[in-house]
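**Student:** Let me begin by handing over the structure; questions about it come next.
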Amino acid sequence: MPTRTVATTQTNKLRALRAAARIGLSALDRGKFKEFRSIEDLQAYLNDLSDKIVSKRPYKSHTHQMRKITEPTKRVDISHGRG
């Protein structure tokens with residue numbers, strides 16, 4: 001990769017990092033954050049949030065995936081009379 005491209009990529013990453021930091025600090029200033037007493041409380045919160053997000057998936061897509069998992073495997077005889 002040419003040096004100029006690497007430098008441009010690094011500059012863009014730094015700009016994105018600074019923008020993300022500004023957004024995060026602004027949210028902290030407005031009190032938009034959660035505090036947890038322990039790592040276990042944080043893990044429980046994230047697990048609950050994850051469950052909520054997964055449960056909001058479109059019903060059709062969710063049932064299609066469940067059907068794929070729960071349907072019995074069809075066995076195909078490939079012995080052609082041998083065996």
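**Student:** What number of residues in region 41-57 are among the small types (G, A, S) and touching a Phe, Trp or Tyr at 6+ places or on another chain (Cβ under 7 Å)? Steps first, answer last, please.
**Tutor:** In the first step, residues of region 41-57 are kept if they are among the small types (G, A, S); the result is 44, 50, 55.
Cutting the leftovers down to touching a Phe, Trp or Tyr at 6+ places or on another chain (Cβ under 7 Å) gives us none.
Of the residues in region 41-57, 0 are among the small types (G, A, S) and touching a Phe, Trp or Tyr at 6+ places or on another chain (Cβ under 7 Å).
**Student:** How many of the residues in region 34-83 are in a loop (DSSP other than H, G, I, E, B), loosely packed, with under 10 Cβ neighbours inside 10 Å and either among the small types (G, A, S) or at pLDDT 90 or above (or both)?
**Tutor:** Taking region 34-83 and keeping what is in a loop (DSSP other than H, G, I, E, B), we get 34-38, 56-58, 71-83.
Still in the running and loosely packed, with under 10 Cβ neighbours inside 10 Å: 34-35, 37-38, 56, 58, 71-83.
Those left that are additionally either among the small types (G, A, S) or at pLDDT 90 or above (or both): 34-35, 37-38, 79, 81, 83.
Within region 34-83, residues that are in a loop (DSSP other than H, G, I, E, B), loosely packed, with under 10 Cβ neighbours inside 10 Å and either among the small types (G, A, S) or at pLDDT 90 or above (or both) number 7.
**Student:** Next question, about the same structure. Looking at A19, is it surrounded by 10 or more Cβ atoms within 10 Å (Cβ to Cβ), at pLDDT below 95 and in a helix (DSSP H, G or I)? Explain how you work it out, then say what you get.
**Tutor:** Numbers: surrounded by 10 or more Cβ atoms within 10 Å (Cβ to Cβ): yes; at pLDDT below 95: no; in a helix (DSSP H, G or I): yes.
So A19 fails the test.
The values are calculated or read from the model by the stated rules, or taken from the named source; none is laboratory data. These figures come from a predicted structure and were not determined experimentally. Using ideal geometry, Cβ is built from the backbone for each residue, glycine included, and neighbour counts are taken over all protein chains shown.
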